[in-house]
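Below is one structure, written out as structure tokens; comments come after it.
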Amino acid sequence: MFALLILLMILMIMGAIVAVQSKDLLSAVISMGIVGFGLTLVFLILQAPDLAIVQIAVETLTLVILIAAVMKTTMKEIKVRKSTVVIYSGIATVIVLIILLFILGDTFKELPAFGYPELRMSEYYIEQGLEKTGAANLVTSVILDFRAYDTLGEATVLFTAVMGILAVLRRKGRKE
Amino acid sequence: MKGMTEIVKTISRLLAGLIFFYGIYIVVFGHLTPGGGFAGGIVISGAFILLIIANGIDEEKINRVREKAGFLESSGIFLFWVISTIGLCMGTFFFLNFLGKGKPLNIFSAGTVPLCNIAIGIEVSAALCSIVIAFMLVKKGDKK
């Protein structure tokens with residue numbers, strides 16, 4: 001199971017690199033899809049079907065919208081002038097990465113092992129969730145009962161985003 | 001915008017109903033099986049977006065659909081706020097589970113949780129539909 005996870009991670013990283021490097025915008029969008037659908041499989045393997053359903057639906061919708069946007073535009077990437085700046089930025093990236101790994105190496109030793117998180121609050125939710133809320137799906141009982149404030153905020157954010165989009169893209173009352 | 005070929009139209013007409021009912025199942029059984037308002041709402045809106053993309057859009061018809069989507073979206077978020085405030089009006093705290101908890105694992109259980117799921121499902125599906133319609137109605141000429 002762990003080996004499968006690592007294989008999926010490598011596939012996702014390769015898809016992301018192809019998406020950044022490819023010249024054709026359509027193939028870049030499709031290789032972004034590899035990252036999203038790989039993430040869906042990772043969620044399924046880690047036993048989070050709630051997240052997997054949301055991820056697969058959002059990923060499909062995003063891909064459809066992005067492909068529709070790419071088909072209407074030029075399909076070619078804007079050419080960037082290559083110069084010595086690329087070399088300098090590459091060297092800077094490597095230095096920053098080495099420093100970051102050096103610092104993170106000490107921090108990772110303190111973290112709990114993979115799959116054994118140290119969360120005191122979640123143990124209470126897991127034990128008392130069904131009794132306190134009556135909902136058999138623990139995820140729903142957390143997001144709509146224990147942490148319902150967050151969900152209310154999320155739904156309101158989505159509503160506000162749609163209002164903003166409709167206001168920006170409106171036809172009536174626009175100055176010529 | 002024109003639609004696609006006859007094959008795509010027929011297949012999408014057959015599939016859209018199945019996708020729609022699967023989304024409703026995810027919303028209604030959100031408190032028992034994986035899923036809930038957000039996931040089910042996205043699946044429901046997927047059925048409508050499939051039909052819109054396959055059949056193309058007609059300006060006059062789509063404006064009516066957009067008005068209905070806006071109304072449903074606003075009423076979904078309003079319903080969610082009403083459910084959350086009823087507890088406050090009864091003199092206790094926000095998000096009080098004022099209905100009975102019922103038997104666990106039954107469809108009519110968990111009090112307000114399924115009602116909240118249905119409200120979120122209505123809101124999310126209508127919101128995504130209206131976003132896609134708004135983007136499809138934009139033309140190249142209307143920049144300024």
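The values are calculated or read from the model by the stated rules, or taken from the named source; none is laboratory data. In this text the structure is predicted, and so the values were computed from the model without any measurement. Here the Cβ is made from the backbone with ideal geometry for all residues, glycine too, and neighbour counts use every protein chain on show. These accessible areas exclude ligands, DNA and RNA; they are computed on the full protein's heavy atoms, side chains included. Shrake-Rupley method; radii C 1.70, N 1.55, O 1.52, S 1.80 Å.
So the values come out like this:
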| read-out | value |
| --- | --- |
| Accessible carbon and sulfur surface of the range A:119-176 relative to its total accessible area, %, 1.4 Å | 61 percent |
| Inter-label distance for B:R66 and A:L97, nm, one decimal - labels placed 7 Å from Cα along Cα-to-Cβ | 4.6 nm |
| Using a Förster distance of 41 Å, the FRET efficiency for A:K72-A:M121 (Cβ separation, nearest 0.05) | 0.30 |
| Debye-sum result for the range A:119-176 in log10 I(q)/I(0), which assumes one identical scatterer on each alpha carbon, at q = 0.20, 0.21, 0.27 Å⁻¹ | -0.76, -0.80, -1.01 |
| Delta accessible area of at least 50 Å² on complex formation, residues of the range B:7-41, 1.4 Å probe, chain isolated as reference | B:P34, B:F38 |
| Crossing angle, helix B:6-28 versus chain B [Cα axis fit, 0-90 degrees, rounded to tens] | 10 degrees |
| Diffusion constant of chain B at 20 °C, which comes from Stokes-Einstein with the Kirkwood Cα-pair radius and 1.002 mPa s, µm²/s | 127 µm²/s |
| Over chain A, equivalent-ellipsoid semi-axes from the Cα gyration tensor in Å | 35, 30, 18 |
| Cβ-derived FRET efficiency at R0 22 Å, A:L44 paired with A:A3, nearest 0.05 | 0.85 |
| Efficiency of FRET between A:S83 and B:L18 - r from beta-carbon atoms, R0 41 angstrom, step 0.05 | 0.15 |
| Label-to-label distance, nm, for residues given as B:Y25 and B:L115 (7 Å Cα→Cβ offset) | 2.7 nm |
| Pair A:F108, A:R170: separation of 7 Å Cα→Cβ label points (nm) | 5.2 nm |
| Drop in accessible area of at least 40 Å² in the complex versus isolated chain, residues of the range B:42-88, 1.4 Å probe | B:I42, B:E73, B:I77, B:F80, B:W81 |
| Percentage relative contact order, chain A, counting C-alpha pairs under 8 Å, at least six apart | 13 percent |
| Peptide A:149-155 - average C-beta neighbours from other chains (10 Å radius) | 5 |
| P(r) tail fraction, the range A:1-83 - alpha-carbon pairs more than 19 Å apart, % | 46 percent |
